[in-house]
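What follows is a set of notes on a single structure, which appears directly below.
The values are calculated or read from the model by the stated rules, or taken from the named source; none is laboratory data. As the structure is a prediction and not an experimental result, all values here were calculated from the model. Ideal geometry is used to build each Cβ from the backbone, glycine not excepted, and the neighbour counts take in all protein chains shown. SASA here: full protein model, heavy atoms, side chains in, ligands and nucleic acids out. Shrake-Rupley method; radii C 1.70, N 1.55, O 1.52, S 1.80 Å.
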Amino acid sequence: MPVKSLREHILRIWHSLRQSIENGTYEPSPVRRVEIPKPNGGMRLLGIPTVTDRFIQQAIAQVLNPMLDPQFSECSYGFRPQRRGHDAVRIGLLD
């Protein structure tokens with residue numbers, strides 16, 4: 001499903017989707033596996049979740065990040081909003 005169709009799709013299934021999330025019965029769809037060629041000739045496996053699953057992941061992250069992020073060390077830069085490895089190198093954490 002293209003991302004542009006997500007809003008209409010979510011509105012159509014919202015009642016059952018919300019109910020399954022609240023009941024703890026929601027199960028993500030299987031990820032689509034795609035092979036990406038590497039420069040050295042090998043292949044790298046890439047997993048692509050459905051648009052609905054990415055929507056739910058993002059909604060959960062938007063709720064949890066503000067609660068959990070303040071508990072992390074100031075020296076932690078991996079997978080955090082507004083931080084990246086280059087920032088850690090710039091301030092000398094990864095010398």
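Here are the numbers for the structure shown:
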item: With Cα atoms, 0 to 90° folded angle of helix 51-68 axis to the chain main axis; result: 50 degrees
item: 3J(HN,Hα) from dihedral phi, the stretch 4-13, Karplus parametrisation 6.51/-1.76/1.60, rounded to Hz, x for glycine, proline; result: 5, 8, 4, 4, 4, 5, 4, 4, 5, 9
item: Neighbour cut-off at most 11 other Cβ (10 Å), DSSP loop, GluC sites (Glu not before Pro), the chain; result: Glu74
item: Carbon + sulfur, % of accessible area of the chain - ligands and nucleic acids excluded, 1.4 Å; result: 57 percent
item: Structure-based [θ]222 nm, the chain - -39500 (n - 2.57) summed over DSSP H runs of at least 4, per residue, nearest 500; result: -14500 deg cm²/dmol
item: Projected-area average for the chain over all orientations - Cα convex hull basis, square nanometres; result: 9.7 nm²
item: Over the chain, relative contact order from alpha-carbon pairs under 8 Å, at least 6 apart, %; result: 18 percent
item: Per residue solvent-accessible surface (Å²) - the chain, probe of 1.4 Å; result: 84 Å²
item: Residue of Gln19, Gln62, Gln71 that the Gaussian network model of the chain assigns the largest fluctuation, springs spanning Cα pairs under 10 Å; result: Gln71
